[in-house]
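Asks: A single structure is presented below for examination.
The values are calculated or read from the model by the stated rules, or taken from the named source; none is laboratory data. What you are looking at is a predicted structure, and each value in this text was computed from that prediction instead of being measured. As a convention, Cβ positions derive from the backbone with ideal geometry for all residues, glycine included, and neighbour counts pool all protein chains shown.
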Amino acid sequence: MNIKKEKALINFKKAQSLISKINKMVEEDKYCIDIMQQNLAVIGLLKSAHQMLMENHLNTCFKSALESKSGKKEEAMVEEILKVTKLFNK
């Protein structure tokens, strides 16, 4: 596993831990703003992990597809990137 994926994994684990904390806060009827701040922290971690994975994909899989000189591979990779980007921006 490369460094980008390792860092993304760390963010996923942090987010998972924070979600457990948020669940407990909700169950304990904590102050809404405090819960929302923790939720925003999770969103930030997940966005950061997404960015790291995208960079890794572009620098490895996508680059490899372009270097293969296969029009089908290139087209498929572009479609994948566009699909993920559209989902991210919803």
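Asks: With Lys47, Lys30, Lys5, Lys21 as the choices, which residue is in contact with a helix residue (DSSP H, G or I) (Cβ under 9 Å, 6 or more places away or on another chain) and outside any helix (DSSP H, G or I)? Give the derivation first.
Replies: Numbers: Lys47 fails: outside any helix (DSSP H, G or I); Lys5 fails: outside any helix (DSSP H, G or I); Lys21 fails: outside any helix (DSSP H, G or I).
Exactly one residue qualifies, and that residue is Lys30.
Asks: Let me ask you something else. Mind listing whichever residues of segment 1-59 are among the basic types (Lys, Arg), farther than 24 Å from Val78 by Cβ and free of Cβ contacts under 8 Å to residues at least 24 places away in the same chain? Steps first, answer last, please.
Replies: Of all residues in segment 1-59, those among the basic types (Lys, Arg) come to 4-5, 7, 13-14, 21, 24, 30, 47.
Filter again for farther than 24 Å from Val78 by Cβ, leaving 7, 13-14, 21, 24, 30.
Across segment 1-59, the qualifying residues are Lys13, Lys21, Lys24, Lys30.
Asks: A further question follows. Does Leu66 satisfy being modelled with pLDDT of 95 or more, surrounded by 11 or more Cβ atoms within 10 Å (Cβ to Cβ) and of a type outside the set (Ser, Thr, Tyr)? Quick ask: steps written out before the conclusion?
Replies: On the way: modelled with pLDDT of 95 or more: no; surrounded by 11 or more Cβ atoms within 10 Å (Cβ to Cβ): yes; of a type outside the set (Ser, Thr, Tyr): yes.
Against the criterion (modelled with pLDDT of 95 or more, surrounded by 11 or more Cβ atoms within 10 Å (Cβ to Cβ) and of a type outside the set (Ser, Thr, Tyr)), Leu66 does not qualify.
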